Every structure is written in C-alpha cells, then in structure tokens.
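Trainee: Structure incoming, see below.
The values are calculated or read from the model by the stated rules, or taken from the named source; none is laboratory data. Note that the structure is a prediction, hence the values are computed from the model and not measured. Using ideal geometry, Cβ is built from the backbone for each residue, glycine included, and neighbour counts are taken over all protein chains shown. What goes into the accessible areas is simple: the full protein's heavy atoms, side chains included, and nothing from ligands, DNA or RNA. Shrake-Rupley method; radii C 1.70, N 1.55, O 1.52, S 1.80 Å.
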Amino acid sequence: MELIRALRLLKLNSVSTAWVDAVWDLEFTHTDPLDPVIEEEIKEDPEVFKTIYMQLLPFSNEDDDNTQSVWVVFGENGVSAKTLVAVLSYFILRAKTKSPSLEQRLCGLQAASLYFLLLKIPGSVANKVYHQILFDTCLNMPLKCWPQDSGKKRKKDSLKSSQGDPKTGKRSKPPKKVSEEMEIDDDEDDEEEVVYFSAQDLLKLREGIVLLARTLLRLLERFSLRDKPQSADSCVQFLTISTLMHLLRVFHTNDFCVFSRSVDQLQSLPELSYHGLGLLCSTIHGEGDEVSMVFRKLLYVILMMKTQERSKPCLLAPSQTVCGARDQAILFISHIVDKQREATLPLLRILVQHICHQMVEKSEYRASGAQAVGKLMANMPCQDYAAIVKWLYSYSRNNKVAFRMFALDVAMVLLEQSERDVDDTVDPELAVFLPHRFLVHNIIYNHRNDVSPTVRGHALHCLAQCLELGSQNATKCVHELFSNSMYITTETLTLFKKHVSDPKTNARKSALETVMSLLKHGVISCSAENLSILSDRCRDPAVSVKKKAMQCLMDLLANREVQEAWLRGVLPAVMDSESSVQEKALECLDHVVIAHIKSQGKYRDSDASQKLAWELLGLLCEKCQDLSRYFSKAFSVWAPQQKFTPPFVNGLLSHTEGERAAAAWLLLAKIASCSPKLNYGTILDTWENTIRSENRAKEVMGIVYLLIFLNLIVNVKHLYTLGAASLHCPSKVGKRIFLLVQSVLTPSEQQPVPAEGEDLPASQPLSQFKPNSMPTVVRAHAVITLGKLCLQHEELMLKYLPVFARELEVGTELAVRSNVVVVMCDLCVRYTNTVTRYIPNISACLRDKDPIVREQTLIMLTNLLQEEYVKWKGALFFRFAIALVDPDPTIADLCEYCLVDLLLKKSPLMFSQHFIECIFHFNSYEKHKKYNKFPQTESEKSKFSLKGPQNQGKRFRIYRFLLKNFTDEQRFNITTKICQDILASFVDSELPLDSDGSELLADTFDILSLKEMKLTAMSGPAAGEEPQEEEMAMAKAVLQVAQKKLVSQVQKRNFVENVIPIIISLKNMLEEQHSPVLKHLMAYLQVTMQEYRSEVKELFAADEQLAAEVEYNLKQFEKEKQQEQQQMENQLANFTLSPRRNVSQTYTCIGKK
C-alpha cells in the first residue's frame, strides 16, 4: 500500500519506545535529539512529509468509505500513531530553534500540516492524536518560520547565506554550534544570528504556510473547538498574525465570496485567513465566544497596530497593504454581523468602544479609526446606533484630549451618513440621539470652548466642515446655531472674535476657517464687522495665521461685499516683517488684480476676473485711499521683475477714457514711481488729449495726483540718500548741506540758501521747526536726515538737540514729532551723557495727544532702558506707569508687556522700589520730605497728574498691576514700609491731615485692603493650575498647609508689633478731627481681621472700643453676606425658564440620564 510505503520513509519502527515516551511525557515542550542515523535517513528524501500528506489526504474525506479504516491500516501494519506524532513534533520543534535553516523551516511547516491532517481524520481524538500544546505550537509555526525584520544592523561576520555551496547543493553549516537539546524559548535575550533568504526561498516558505493554512481550514470544517478555548484562541491568533495580514498582498473585494468557495479554490493567504475566521465564528465552534475572540484580534488590524507577545501593540506605517487589511477586516466583521445579527450586535458595540478607547492622537490614525467606526455603526439598527451615540457623547467629555479629538472625528463621519428616522424599535429616551442635530450641537459645537486649544481648534474646524458636507441636515443644524430661535447671534460672534484671538496658533486658524465657512454659506451676514474678523487676522503675530486669513479672504472674494475687507487685509501684508507673508500677499495681488488687466479691446463684462480687478482698483481710488502706500510697495517689488512691459502700459492707457479712467491713472502713477526706464512721452500725450476733452474731472485729479506723488517721491528719495551717504562719508558733508536740510524744516525767507560762489552766513539761532510750504512727509524725512547728520557731527548735535526738545513740546505735525522722538533716542545711544538730561522731554510724549507718538515713545524708551542707556531716574518710572491707563487699549497692553516681559526681568526690584512714591506722585502730594521731590514743570505736573476722585480708578489700576507682579517677600515688606513711611508720618504729625493728606491716607488704606496685597502663600492653589497626580497633589497640599501656618505666624507677629499701634493712634486722631478717612480705616480692619476673626479682642486689647467696633463690623458683614445669599436662592427658586432656554437645555443636559 502506498501510504505504508510512504510511512516507512520515516523509520518509525527504528525509533526507540523510550524516546517516544519521553517526548509525550514532556508534553512536546522540548525533545531529546533523534538518533542521527535515523534523522539522516529521513532527510534523504526532502519530500517525505509531502509524500505522506498526499497519501493520507484521501483518508480525511468523510465521503470516502476508506476514511474509517486508516487507523485499522495503521494497526495491521504496525504503525504506531503515538510514534508518528512524536517524530512529527521533533521536526516541528527543530523549526523553532534559534536561527533555523531553510530546510528546518520547510520540514517544520510540512510536519505541522501533516499533523493537522491526522487530526481531521475521524477517530483522531479516540486515538489520542490531539494534544493542545502541540496543536498550539503548529499554529505558531508561520510566525516562527517566516523571516521577521529584526530591526538590527547587519554584521559582516554574522551573515549567514541560505544558498549554501552551489557545487554540492548542500547548505553551509553555521559557524556556531547549536545545542543538541532543542527548547522552545520565546524570550531569547541574546542577539540572534540573522539568516537572509532569496526570493526562491521565500516562495517555498510561502507555499509551506499556504499548505498549513489550507489544512487547518479543512480541519476546522469538521473538528470542533467548542470545548478547547485555548486552541480556538491560538487559531484566531494564527489567522490574524501580521504574516498573513500585512506582509503579503491583500486581496481586494467588496464582498466575501470566499465563504461560497471551497478551500481548494482559495489561493491567497488573506482569503484563507478570512475563510478560517468565518469558520471559527460558526456555531460548530461555540455560541459567541469565538466571535468575541475573532473581533478582539481584528481590533488591532483595524487600529493598524501590530500585536506582540508580552509587549504593547505598536503602530504600523499606514501603507497601502496595511490600509487594505484594515478595510477587509471591516468588511469581514460586517459580513459576520449580517449573518449572526442577534449574537454579534452586543459584540459589535463593544468593538466600537474598544476602537475609541485605544485610539492614538496621530491625525492619520484618528481619521482611519473614525471611518472604521462609521462603517461598523452603519450595520447597527437604530436602537444600537442611538445607544452608541449616547455613549459617544459621554466619551467626548473624557479628560483625555485624544478621546475628545476622536469623538469629533467620529461625529463628522456619522454626519456624512444619511440621517436615521425614529422607528418603533427605538426607546423614547434614545430617540433624541438619532438626528444629526445632536451631533452638531452637543458634540461638535459644545467643544468650541474646550480647555485644550487642540480640541478647541479641531471643533471649530469640524464646525466649518459641516457646511461643506453634502448632507443638508448638517448644514441646517449649523444654521440653527446662529438663528435667533436657538442662540443670540451677537453673543456667538463675540465668541468667535475671542477664538480668533486664542493664544494657540492652530485654534486661531480653525476659528478663521469657521468664520469663513459661515460667511461663505450665508449663515452670518458679510457685514463690515464680521469681515473685520478675517482682515484683522492678516496682522496676526503668527505667520501661518496671517496666510490662513488671506486665504480665507481669497475664498470669499467672489462676494462683492468682501472686496474692501480683502484690500484692508491683504494690502498691508506686503510690508509685513516676514518675507513669506509678503510673498503671499504679492501673489494674491498679482493673481487677483495685475494678471487680469488687459487692453480696452479685450475687456469683457462677462469675465468675472477682469471685472473684479477693476472694481478693486476703483475702491483704492475712493474708499481705500489710505492703503495707497502699501500698493506702492507692491509695485516697487514688481518693477525689477519686468512685470510692467510696454504692452501692459499701453493696455492701461487704453482705459484712460471711460468709467475705469481713475483706476487706470492710479496704476500709471504707481508704475511711474518705480519704473525709471518707462517711456513717459506716451503717457504725457495721453494726458494732453485728456485735458483737452470735456467732463474729465476724475482724470485731471488722477494726473495731478500722479505729478504731486512723483514730486514727493523724488524729494523723499533725495533726503534719504543724503542721510545714508552722510553715515558712510561724514567728512564730505559740508555746511551747505546742513543749511539745505535746515531750510526744509524752516520757512525759506528765514533761512535762505546762498547761491553758488557766495559766502556762507553764520548759523542763525534756531528755536524750533516752523511750518513752511514743504509737505509734512518731506519735513518728517528731513528730521531723520538731520538726525543722521547729528550722529556724525557732535557740534551739530549740540546745536539742534534743544531744537528737537522744543519741537516735542510745541510741534503740531504728527509725523515730525514722531520722528523727533526716534532721532533723540538714537542720539542718546551715541551721546548718552549729553542727551540723558533731555529724557524728561522725551518721556513727556507718553501723554501726547496722538496715539502714534505715545506708542513710538513707549517703544523707544523701552529699548533704551533694556540696553541701560537710560536709568530709572526722576519721574521716568511714573510716566511709564501712566501708560498703563492710556485711553488706547493697545498702548496700555503694550506698556504692560514692556514692563513685565522686558524690563522687570532685568530689574526685579523695580516695582517694589517705586511703589511708595507712586502713591505720593499720582496724588500730586509734595509735602513729604523724601518722596516726589524730582524737578517738573507745571505743564508736566498737570499732564501726568492722577489726583482726585475722578482718577481713582486709574490710580488703582496701576496699583493693582504693580502689586500683582510682587513676590510674597515684596508684599510683606511693602506693607511694613507703608505703615512706617505714610501712616506713621501722620501719627507723628510730620504730614498734616489736611484735604490733600486725607486723600493720600484714604488711598493708602484702600491699597492695604486690596486682595493683591494678600500673600499668595496664604491663598489656595491658582485657578488655572492643572490637576496633578493624587500623590503629588497630596504632598503639595501638606507642604502648603505647613507653609501657610508658618507665614501666618510671621504675618501676625508683624501685624501686632508694627501695624496695630499705628492703627490705634491714627484711629484716635481721625475721630478727634471727624475725618472721613475713618471709614477707610475701618474698612481696612474689616478686611484684615477676617483672618483673625476669633482673636479680635486679644489683638486690640489696648483699645477695647476699637475691638468692639471691629467685631461689630465683622458681624454686620457676615449678616449682609448671608442675606445676599438667601436673596439669590429665593430668586433662583422662583425663576422660570423661557421656552427657548428649555429647548437648548434639552441638548445641553443630555447624557446625564
């Protein structure tokens, strides 16, 4: 018989019984070496296992009558099934040793396939062929036999070829001897020697794995694993390992026809794998446990992760193969759910939740996972779908940022699907979760104010994407958010203005995208206020936000209402400090305007691009004339690029007659200012023809503007060139040049310039710059040029420095005064000692009537203070602090930034050293022998005074700002110093208690009552402090308690020894004079004694009446507080929600049930 002859090749009769018993006793964990003679005889035929497999295959078919006699045949011919299994296990285990050869791997795979075939034959269990450990070992063979990328560097002396000697055809032996005893050790820590295989070798290994998989599938069709959970788990692991799913090409199909074909018809490993997984999910192997096991393994395929034993899953690169495996896994799960709906729906919900909980933060994987969740939820009935959406709402409120981000991604995927209708199967409490409105309002929109800037930005991005979806329901839901029936539109827009100013760049970009979508789709109107949100962000500190804002305006430009906002956003960007932003702005201008300027003959009203270009130019001639200088900058950049060719100019000239004439002359003016090689003859001829014709008012104004503009440009260029040249060649600058520049700044009849050859008169005294016929822009540039001359000529600096100072005081021209500030500060760097005495003149400009001068002065003085060219002397600090209450909020914010972020770091004691004098200075109090004694003119005193009740808010804005940036040590010391230098001076009668003194004293008590005076160590944790780990939080709490107790003792001692005696004496003095300051003193005590509520009588033992008054005031304060709280509770109890409020709360409170 052929089967028996094939089995004799394994020399089973020659194998000792003791060796076989030992293998079975060790339960196939390891084996002793087989007799070398027997092993060599078996290996003489490399196809021995395949031959036996083919002879045994007919016996595995139940339809054949011979299948029942195979065990009888074994008995009749003396073939021991026990010995056969032992020999097979020997070759299987050899393939799992360290760095097995190709021959060992192939033999191991064939032996494992033969073992599975034996199990399929009826009677295998009765003949004790099945053994769980050996079964699991066979299932682990593909992972061990297929070469894995170890990720280690190759070593030249450790390379091992699998090709062997080409002459003998034998494999080369390893240089390192392998131990005689073979053990299965998955935790091998030593570095393995890498074997490299050829393509032919890999093909042989693949055929072996395919044979093993096909045999397993035949086995699973008949062999039940219902009572073998460990083996079932190993089967699932075998069918889902990366060798089968990822390393080989994945089949692509939209349905699972693999179930309708026989095992022999399946060719690829993925087909075999999914067929096997389908078999495991059938009822023959259990009632749901196996399905759960399969879903759990496929979870990581969907997540695009690779699972490894005893280690965390690792991400796989999202290649085409990996993504294909993910898609097929989703299709397979959907197929199983359709076949076994009742049993698998609970498992499907669990799978979706696991995908959400194991999702990583990387955007590419999040997007893939969200699509997977959407496809899986599409298979759910409405009841399960609503339950998952309810769970997703709770999931979206998790503390983890990654979870909230993924919830938004899933919501967007679900919005792309058709909205589900409520049917009879859905519970009433879950019906609210089915409409798209819930996803938009309660998941996406609710995260617009998330604490994480990443989530905030992503939520706004998703809100914008809702308007781009094909689903009308999502768009309708967004419209509802901004309709008066749901939310107040003005409040929502205020919120978006807040978001476009978010501290995080990505959040601002997402907010801009959202505003653009709302404007584009008509959700909000294209009003000037709404469009300014976009145009203002073109001057954002972040480069990417500027570009995003410009792109948003470009997307909206088709709307005529956006044109002015587009100009005000894009044009100023051509002078941005970042070159990439300049390039973006120039690109937009070129694409929208310049590229569509054609001759009159080629103009078409139907061409929207041409029409848009001329409409924008028309706005520049009318409403947006203030943007002219930015437009000029663009032309100065384009001119060297040869954009303005003669044909282009001729095309413009063809438009000088008609409705586009003003815009054409504007372009010609810009081109003429930066193109010296331009042929002006043609332009002048056109001009002559224009002025001869009638009704040419606009054209005449345009050409006049052109000529005036050219004259100004020439003068400014000459002055700039003169100043720059004087810095490089100071010796070449003569007196004639000084007088020439001076003549620009003074009337011509006052300072004539002598003709060539005449003697130069002596320099005339000059008290100030007086207006003349020169335009302000020319005079402003003359100041800069004169400053450059002074930098190189000290005698000229000494002459003009008083003139500059006088100009700051009496000058009327904004540009001139602003440039004088710049010049004087530059001179301070060059001539520090000389210019320092004029710092009061410069700092007086901090109260200039024009915001530009105030801002310029603030910036220049900050630079000088940073470089220590100027010290905090005289009234400089107090004038600087005045800028904190500037009428312009921008300047106030700038001053705060300069003081805290630039200057305080250089001088940490700056605020505390000047604080006491601030109280005297801002109250204009000059009776103290030490404070507020620096020289000031009456004009300066009145300009910088904050005296009186009308300025109390401004004074305390400054006080609070300074105290907020104190350290605890500085707060403690300043309290003591206030008592000694101010309060004690009134007690000792060093300062009179008149009206001025009363105002000063009232301010002092109010300052001592401020919450900013309280030590931070006595307060709780900061409001914005992030939550910490439990152990760290507990340790920090213990430390804070101990610190608070220590500081409280020191503070109490200081209060008793230094403050209370002064307070008692001062209180008696105020009572005698019936001073209104007494109420301020009592208010201070009321605030201070809150911390010593139970010690009032003890602390004020020296004045029992004062103690009684303080205690009474404290009781009254507590009583009033209780009454206010009770009144508020009564109001809330009687408060009835409006219908609109009830509707919004329906969605806000969902998920709490």
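Trainee: For the stretch 1-47, report the accessible area per residue in Å² (1.4 Å probe, heavy atoms, rounded to an integer).
Mentor: For the stretch 1-47, the solvent-accessible area averages 57 Å² per residue.
Trainee: Here is a follow-up. How much length would be gained if the chain were fully extended between K504 and L315, taking 0.36 nm per residue of separation minus their Cα-Cα distance, in nm to one decimal?
Mentor: Result: 65.2 nm gained on full extension.
Trainee: Next question, about the same structure. For N127 and Y196, what does the FRET efficiency come to when R0 = 51 Å and r is the distance between their Cβ atoms, rounded to the nearest 0.05? The partial results should precede the final answer.
Mentor: Details: r = 42 Å, r/R0 = 0.82.
Once rounded, the FRET efficiency stands at 0.75.
Trainee: Accessible area per residue for the stretch 321-424 in Å², computed with a 1.4 Å probe and the full protein assembly in place, what is it?
Mentor: 40 Å²
Trainee: So between S14 and Q641, what do we pick up on full extension, going 0.36 nm a residue minus the alpha carbon distance?
Mentor: 216.4 nm
Trainee: Hey, another quick one. Which of the peptides 947-953, 436-442 is most tightly packed, and how do the rest follow, judged by the mean count of other Cβ atoms within 10 Å per residue? Can you show the working numbers first?
Mentor: Details: 947-953: 12.4, 436-442: 23.6.
The densest-packed peptide leads the list: 436-442, 947-953.
Trainee: I need the peptides 989-997, 567-575, 320-328, 786-794 ranked by packing, meaning the mean over residues of other C-beta atoms within 10 angstrom, with the highest value on top.
Mentor: Result, highest mean Cβ count within 10 Å first: 567-575, 786-794, 320-328, 989-997.
Trainee: Mind giving me the FRET efficiency for T890 and N473? R0 is 41 Å, r the Cβ-Cβ distance, nearest 0.05 is fine.
Mentor: E(calc), rounded to 0.05, equals 0.40.
Trainee: Calculate the spin-label point distance for E103 paired with S532, positioning each point 7 Å from the Cα along the beta-carbon direction, and give it in nanometres.
Mentor: It is 8.7 nm.
Trainee: Just to be sure I understand the curve: with the Debye formula and one point per C-alpha of the stretch 865-963, what is log10 I(q)/I(0) at q = 0.25 Å⁻¹?
Mentor: So the normalised log intensities work out to -1.60.
Trainee: When a/c is below 1.5 the answer is rounded, else prolate if a/b is larger than b/c, else oblate, so apply that to the stretch 905-957 with a ≥ b ≥ c taken from the square roots of the Cα gyration tensor eigenvalues.
Mentor: Judged from the Cα gyration tensor, the stretch 905-957 comes out oblate (a/c at least 1.5, b/c at or above a/b).
Trainee: Let me ask you something else. Calculate, in nm to one decimal, what D994 and N833 gain on full extension: separation in residues at 0.36 nm each, minus their alpha carbon distance. Show your work: numbers first, answer last.
Mentor: Values: separation 161, 0.36 × 161 = 57.96 nm, distance 4.15 nm.
Result for the pair: 53.8 nm of gain on full extension.
Trainee: How long, wide and thick is the stretch 439-587, going by the Cα atoms along their three principal axes, in whole angstroms, largest first?
Mentor: Computed over the Cα atoms, the extents are 43, 35, 28 Å.
Trainee: So, for the stretch 907-979, what is the accessible surface per residue at a probe of 1.4 Å, expressed in square angstrom? Spell out each step's value before the answer.
Mentor: Details: 3400 Å² over 73 residues.
Accessible surface, normalised per residue, equals 47 Å².
Trainee: For H357, put the label point 7 Å out on the Cα→Cβ axis and report which residues of the stretch 377-394 keep their amide N under 17 Å from it.
Mentor: 388-394
Trainee: Treat each spin label as a single point 7 Å out from the Cα along the C-beta direction, and report the R296 to K929 distance in nm.
Mentor: Between R296 and K929, the simple spin-label model gives 8.8 nm.
Trainee: Right, here's the next one. Put +1 on the Cβ of every Lys and Arg and -1 on every Asp and Glu Cβ in the stretch 554-645; which of A639, L589, M554 then has its Cα farthest towards the positive end of the dipole?
Mentor: Highest projection toward the positive end goes to A639.
Trainee: Taking the Cα-to-Cβ direction at C323 and at R222 and moving 7 Å from each Cα, how far apart do the two end points lie in nm?
Mentor: 4.4 nm
Trainee: Highest mean first, how do 213-219, 862-868, 24-30 rank when packing is the count of other Cβ atoms within 10 Å averaged over residues? It would help to have the intermediate numbers written out before the result.
Mentor: Details: 213-219: 22.7, 862-868: 16.1, 24-30: 14.6.
Averaged packing, sorted descending, gives the order 213-219, 862-868, 24-30.
Trainee: Please label the shape of the stretch 770-884 as rounded, prolate or oblate, based on the square roots a ≥ b ≥ c of the eigenvalues of the alpha-carbon gyration tensor (a/c under 1.5 means rounded; beyond that, a/b larger than b/c means prolate, else oblate). Could you put the intermediate results ahead of the total?
Mentor: Working: a/c = 1.99, a/b = 1.21, b/c = 1.64.
Oblate shape, in that a/c is at least 1.5 and b/c is the bigger or equal ratio.
Trainee: Sticking with this one: Mind running the shape call on the stretch 1-120? Use the C-alpha gyration tensor, a ≥ b ≥ c as the square roots of the eigenvalues: rounded below 1.5 for a/c, prolate if a/b tops b/c, oblate otherwise.
Mentor: prolate
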